[in-house]
Amino acid sequence: MTFVTRLAALLIVSITLCGSSIAQSRRTHDSQPPTPILAERQIKERLNAGTVGLAGGLLEGAPIRFATEIARVVNDGGAVHVLPIVTRGPTENVNDLLYLRGVDAAIINSDSLEEYKSQVPQIQQRMTYLLSLFPSELHIFVRPEIRSLSDLAGKKVNFNTQGTAAAYSGPLIFSRLGVDVEKMFIPHPVALEQLKRGEIAGVVFVTSKPVDAFVKGKWEPGFKFLAVEYGSKFEDYYLPSYLEPTDYPNLVAKGERIATIAVPTILASFNWRPNSPRYHRVARFVDQLFSRVDKLQAPGFDPKWKDVNLTTRVPGLERFQPAQVWLDRASPTNKQSGHP
């Protein structure tokens, strides 16, 4: 091989290696986004990793108020960002928890599981509970001429819009009571005006007392709550409760207690796969919430937080494992070896 030939071959190899090096350098440079883009991506990842979607309920109900107060306290730590979501209510929240993207936890009523048992195979394995929140009291509010539950038979009674706690629990409770009414499902504010005009006989609320419509509303003498006695027909999902003068000073006389029942309202989570990102996300949420319950029980928050006991168990569901671990760590003497 001549000198010229060898020189030409050497130049070709050099150019090839140089081009390859330049291309590799360009690829490496292109794969590393500019600093502002990288910083924005890191912010996005951090926010999403710590965000928990919490299905609450309708704006006028107690569940969304509790969801908002949970967010106020939990978000203060900075490790978790709770997003309260306005929904159609605690019963519809079961659907949201099972199927809606972005929902990690939800506030639901315990008796809503009865319906889903037949619709959703093994629902107890697809959901867990974090804690029992508060009871939602049954309010049956009627016109002056209605004196007893039997007087409502065949008459128009409103149960709020479909998907709400009243729309689900109300008809179920009336069925157990054996009282057949003409059911209506319109917004309660509209129904209350119809009640005043005598167009319907009663309205049914299932929500945490006191209800603003009865505390702040102006009602003529004779409008009242009907009593519902707790008994064996309600032992599976419900609790005994009362409506008292401290709840409704203009509607319940001093020294009087009106018996009613209450639907336990619980904070539930989807049963995420252990060690999955969303499992860890809810675990961080539990740690922040349980560690700050004392703040929720301080003045400035709903008084019902004072009645919340983290150790209260919910029949029919297993507790989210990190929640049980937190409780065991906080009080080793109360460790539970079995499932709820």
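The values are calculated or read from the model by the stated rules, or taken from the named source; none is laboratory data. What you see is a predicted model; the values in this text were computed from it and never measured. Don't worry about glycine lacking a Cβ; one is built from the backbone with ideal geometry, like all the others, and counts go over all protein chains shown. Quick note on the areas: whole protein, heavy atoms, side chains included, nothing else; ligands and nucleic acids left out. Shrake-Rupley method; radii C 1.70, N 1.55, O 1.52, S 1.80 Å.
Some observations on this one:
- Top-ranked residue in region 272-286 [being part of a helix (DSSP H, G or I) and touching a helix residue (DSSP H, G or I) at 6+ places or on another chain (Cβ under 6 Å); ranked as most open to solvent (accessible area, probe 1.4 Å)]: A283
- Sole residue being within 15 Å of T128 (Cα to Cα) and open to solvent by 30 Å² or more (accessible area, probe 1.4 Å), chosen from E256, E318: E318
- Positions within region 252-271 being touching a residue at least 40 places away in the same chain (Cβ under 8 Å) and in a loop (DSSP other than H, G, I, E, B), in sequence order: N271
- Within this structure, R72 fails the test of being closer than 17 Å to R281 by Cα and open to solvent by 10 Å² or more (accessible area, probe 1.4 Å).
- Residue in region 295-311 that is of a type in the set (D, E, K, R), modelled with pLDDT of 95 or more, in a helix (DSSP H, G or I) and more than 26 Å from Y238 (Cα to Cα) present: yes
- Listed by first and then second residue, the pairs linking a residue in region 64-82 that is within 16 Å of K304 (Cα to Cα) and modelled with pLDDT of 95 or more to a residue that is in a strand (DSSP E or B) and open to solvent by 40 Å² or more (accessible area, probe 1.4 Å), with Cβ atoms under 8 Å apart and 6 or more places separating them unless they lie on different chains, are A67/P84; A67/I85; T68/P84; I70/P84.
- Members of region 167-177 found to be without any contact (Cβ under 8 Å) to a residue 60 or more places away in the chain and either surrounded by 22 or more Cβ atoms within 10 Å (Cβ to Cβ) or not charged (D, E, K, R) (or both), listed by number: G170, P171, F174, S175, L177
- Scanning region 102-133 for residues being charged (D, E, K, R) and under 14 Å from L54 (Cβ atoms) gives a total of 1.
- When residues of region 116-142 are limited to those that are open to solvent by 40 Å² or more (accessible area, probe 1.4 Å) and in contact with a helix residue (DSSP H, G or I) (Cβ under 7 Å, 6 or more places away or on another chain), the one modelled with the lowest pLDDT: K117
- Residues in region 148-162 that are within 19 Å of A213 (Cβ to Cβ), in contact with a helix residue (DSSP H, G or I) (Cβ under 7 Å, 6 or more places away or on another chain) and open to solvent by 10 Å² or more (accessible area, probe 1.4 Å): N160, T161.
- Counting the residues of region 291-303 that are under 13 Å from L267 (Cβ atoms) and surrounded by 17 or more Cβ atoms within 10 Å (Cβ to Cβ) gives 1.
- The set of residues in region 242-270 that are under 30 Å from D104 (Cα atoms) and either among the hydrophobic types (A, V, I, L, M, F, W, C) or modelled with pLDDT under 95 (or both) comprises I261, A262, V263, P264, T265, I266, L267, A268, F270.
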